[in-house]
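Data first, discussion second: the structure below is written as structure tokens.
The values are calculated or read from the model by the stated rules, or taken from the named source; none is laboratory data. As the structure is a computational prediction, the values presented were derived from the model and not from experiment. Cβ coordinates were reconstructed from backbone atoms using ideal geometry, including for glycine residues, and neighbour counts include every protein chain displayed. Please note that ligands, DNA and RNA were not included when accessible areas were found on the heavy atoms of the full protein model with its side chains. Shrake-Rupley method; radii C 1.70, N 1.55, O 1.52, S 1.80 Å.
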Amino acid sequence: MRLICLTLLIISGITDSRSEQYEVVGPAGPVLAVAGEHVILPCSVKPSISVVDMRVEWFRLDLRDSQLVHLYDDHVDRNTDQIQSYRGRTGLNHQELLRGDASLKLSSVRVSDEGLYKCFIQSISWSDDTTVNVSVEAVGRPPVITVDGFDHSGGLHLQCESEGWNPEPDLEWLNNEGVSLSSETTEKHRNTDGFSVKHTITVHERDSKIHCRFKLKHHMLETLIITTSNMFNSWRTSVIMISVFVVLSVIAGILIAVFAHKYKEHIQLKNEHNKLKSEKRRIQEERDQLLQSLKTIIPKVNVTLDADTAHPRLIVSDDGKQVRFVNTQTEGVHRGKDRFDKHLGVVGKEGFSSGCFYFEVQVTGQTDWELGVTRESANRKGWASLSPERGYWIVGRRYGRYLARDSPDYSLSLRVAPERVGVFVDYKKGLVVFDVDVDVESRSHIYTYTNQSFNKKLYPFVSLGYRWNENSTPLIICDDY
């Protein structure tokens, strides 16, 4: 009888596991968007099962370090780490999530939105993703034709220009009979708003209409100029007047430019001087505090991780010196009140309520980590950001960026990926200092929390991110410093 029950349980587990499997699908080809309008980026699961209880992430793949466009988790949108340019412009249809549709609506489309996007959907036991290629078409400003002088034979130089196009438009000149004219010079530039194009042509046709036309696949804009006999008859007089005007304009422009350059230099020097004074004062204050603290011998504490506080998907080594992430929840582990349930965190067994202490953590090879200290009474449940207001003083790496989780987050500039991160705490002075190893003989300061108020025990803290970590490399407490 027991054998039959065990067999039924195994078959049920296999069936449940297979029922969780799904395929994330996107569009068959590129998605065309029009600047200023909204666009839907298709993404859904097959078979059509509800993704309400799953994690949905949208990333830009063609930007450095694959930055976050939109995040849905625990039944709500969580866009704290969203790219600034997407703020207020993205959304999921929560009703469609019930039918397995996690398509992203992007409003007020910009040329800079063009690129590759990744839709990643993750359940408790399965995950998959798809890529969406977005092309943006932007219609530029109406073209403008200007007369740019005459050549030595009296030919009329015409210049046509327009900006804000994407992709690069086709331009053609047409005469009164619709015959295409050859452009002589072309200048084009691209910025975040699209292409700016400028074409020049010389015409000798009098009393004629000259058309300048910009074209995209689905749009066209054109303008025209009527060349009169008076334009050509007075070209010599115009050349003289234009030459005089140009000379005077150049002289005036030079004088204005010199004055503006001197004034700009003066303002820049003044601003830089004020910034340097403020930065020097701040650095000196931090240095004085650090030097005063480091005059004492730093107690190098023996940190042992407390497995009873670890997230159920973390494995703590028997000696309490290493922690790593596993894909399945550890068997027999309950979600007690002292255990993390969202952040992949674990704290040390020993707490400190006075004096100074120091420890190091090896982070080599791990791409998603956070470490520092936490207050004894800090909440370990839920998704809330780990900040000093919530009893956490930490630094770490997330989405390819190094951050200090201050209020607000502070970006850290590190020359190379750190192998070890040291944490120094002066309980009485309210200091938490982080440094990294530079080479065998020296270390470099990266961030300091100053003027903090500690009235509870502080415990060492390490984390492998939030809910999921695809890197199995462990974090290691170092005892050899």
Residues satisfying the stated conditions in region 184-199, i.e. of a type outside the set (Phe, Trp, Tyr) and in a strand (DSSP E or B): Thr185, Thr186, Glu187, Lys188, His189, Arg190, Asn191, Gly194, Ser196, Val197, Lys198, His199
Can you list residue pairs whose Cβ atoms sit under 8 Å apart, with the first residue in region 451-469 being over 17 Å from Glu389 (Cβ atoms) and the second being open to solvent by less than 50 Å² (accessible area, probe 1.4 Å) and acidic (Asp, Glu)? Count only pairs 6 or more apart in sequence or on different chains. Val462/Glu370; Ser463/Glu370; Leu464/Asp368; Gly465/Asp368; Gly465/Glu370; Arg467/Asp73; Asn469/Asp368
Which one of Ser125, Ser112, Ser108 is small (Gly, Ala, Ser), in contact with a helix residue (DSSP H, G or I) (Cβ under 6 Å, 6 or more places away or on another chain) and not in a strand (DSSP E or B)? Ser125
Within region 66-103, of all residues that are among the hydroxyl-bearing types (Ser, Thr, Tyr) and not in a helix (DSSP H, G or I), the one farthest from Gly396 (Cα to Cα) is Ser103
Would you mind stating whether Glu23 is among the charged types (D, E, K, R), within 17 Å of Thr90 (Cβ to Cβ) and modelled with pLDDT of 95 or more? no
Given the criterion touching a residue at least 40 places away in the same chain (Cβ under 8 Å) and more than 22 Å from Asp368 (Cβ to Cβ), identify the matching residue among Leu68, Leu98, Leu61. Leu98
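Please determine, by comparing only the residues of region 173-229 that are small (Gly, Ala, Ser) and at pLDDT 85 or above, which one is least open to solvent (accessible area, probe 1.4 Å).
For region 173-229, the residue satisfying everything is Gly194.
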Out of (1) touching a Pro at 6+ places or on another chain (Cβ under 6 Å); (2) at pLDDT 95 or above, the one Val436 does not meet is (2)
Taking region 453-467 and the residues there that are polar (S, T, N, Q) and farther than 24 Å from Asp480 by Cα, the one that is most open to solvent (accessible area, probe 1.4 Å) would be Asn455
Among what's in region 108-132 and is among the hydroxyl-bearing types (Ser, Thr, Tyr) and over 16 Å from Val51 (Cβ atoms), pick the residue that is least open to solvent (accessible area, probe 1.4 Å). Tyr117
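Do we have Ser243 as touching an Asp or Glu at 6+ places or on another chain (Cβ under 9 Å), at pLDDT below 70 and over 26 Å from Gln452 (Cα atoms) here?
Details: touching an Asp or Glu at 6+ places or on another chain (Cβ under 9 Å): no; at pLDDT below 70: yes; over 26 Å from Gln452 (Cα atoms): yes.
So Ser243 does not fit the description; no.
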Scope region 48-78; condition of a type in the set (A, V, I, L, M, F, W, C) and either open to solvent by less than 20 Å² (accessible area, probe 1.4 Å) or in contact with a Lys or Arg (Cβ under 6 Å, 6 or more places away or on another chain) (or both); matching residues: Val51, Met54, Val56, Trp58, Phe59, Leu61, Leu68, Val69, Leu71
Checklist (1) more than 28 Å from the chain's Cα centre (by Cα); (2) at positive phi applied to Glu376, failing item: (2)
